[in-house]
1. Kindly indicate which of 51, 47, 57, 27 is without any contact (Cβ under 8 Å) to a residue 24 or more places away in the chain, surrounded by 15 or more Cβ atoms within 10 Å (Cβ to Cβ) and in a helix (DSSP H, G or I).
2. What is the one condition in (1) touching an Asp or Glu at 6+ places or on another chain (Cβ under 9 Å); (2) not in a helix (DSSP H, G or I) that residue 36 does not satisfy?
3. Condition check: touching a residue at least 24 places away in the same chain (Cβ under 8 Å) and out of contact with any helix residue (DSSP H, G or I) (no Cβ under 7 Å at 6 or more places or on another chain). Does residue 39 satisfy that?
4. In the list 107, 100, which residue meets the criterion of being at pLDDT below 90, under 23 Å from residue 4 (Cβ atoms), among the acidic types (Asp, Glu) and assigned to a loop (DSSP other than H, G, I, E, B)?
5. Step by step: first the residues of the stretch 60-79, then only those that are outside any loop (DSSP other than H, G, I, E, B) and within 13 Å of residue 38 (Cα to Cα), then the one that is nearest to the chain's Cα centre (by Cα). Which residue is that?
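The values are calculated or read from the model by the stated rules, or taken from the named source; none is laboratory data. All of these numbers come straight from a predicted model, not from anything done at the bench. We place every Cβ from the backbone using ideal geometry, glycine too, and count neighbours over all the protein chains shown.
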Amino acid sequence: MASKLPPHFIRFKTAYPDIYQAFEELGRRVHERGSLSERERRLVNLGIAIGVGTQGGVHSAVRAALRGGCSRDDVEHAVRLAITTIGWPRAMAALSWIDDRAAEEGDDEP
């Protein structure tokens with residue numbers, strides 16, 4: 001399923017294709033190097049996005065996690081693990097962002 005990307009992201013990608021391609025290549029190389037499985041890498045990225053508290057980052061990480069073999073429960077578990085570190089309000093915000101993307105991916109079961 002195609003994701004709707006934010007307009008500002010599309011504008012940047014169009015205006016600076018060389019920078020975007022370099023960014024994508026760096027991401028690909030970092031993702032492929034190391035001992036973590038695809039599923040583990042996706043959950044780590046999701047946990048980082050949750051911790052940083054970026055809605056766009058969580059949206060992107062959720063899409064990647066669900067497409068990379070993680071279940072809805074896996075991504076929600078990442079939020080539950082974050083509650084004692086980032087606090088209840090920020091964890092609940094992350095959970096709402098997961099709801100946004102899980103519904104987009106066709107996994108709207110809470």
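1. Details: 51 fails: without any contact (Cβ under 8 Å) to a residue 24 or more places away in the chain; 47 fails: without any contact (Cβ under 8 Å) to a residue 24 or more places away in the chain; 27 fails: surrounded by 15 or more Cβ atoms within 10 Å (Cβ to Cβ).
From the options 51, 47, 57, 27, the qualifying one is 57.
2. In the conditions (1) touching an Asp or Glu at 6+ places or on another chain (Cβ under 9 Å); (2) not in a helix (DSSP H, G or I), residue 36 misses (1) alone.
3. Values: touching a residue at least 24 places away in the same chain (Cβ under 8 Å): yes; out of contact with any helix residue (DSSP H, G or I) (no Cβ under 7 Å at 6 or more places or on another chain): yes.
Answer is yes for this residue.
4. Details: 100 fails: assigned to a loop (DSSP other than H, G, I, E, B).
Every option except 107 fails the conditions.
5. Of the residues in the stretch 60-79, the ones outside any loop (DSSP other than H, G, I, E, B) are 60-67, 72-79.
So of that shortlist, the ones also within 13 Å of residue 38 (Cα to Cα) come out as 61, 64-67.
Numbers: 61: 1, 64: 6, 65: 7, 66: 9, 67: 11 Å.
Applying the filter and picking the extreme gives 61.
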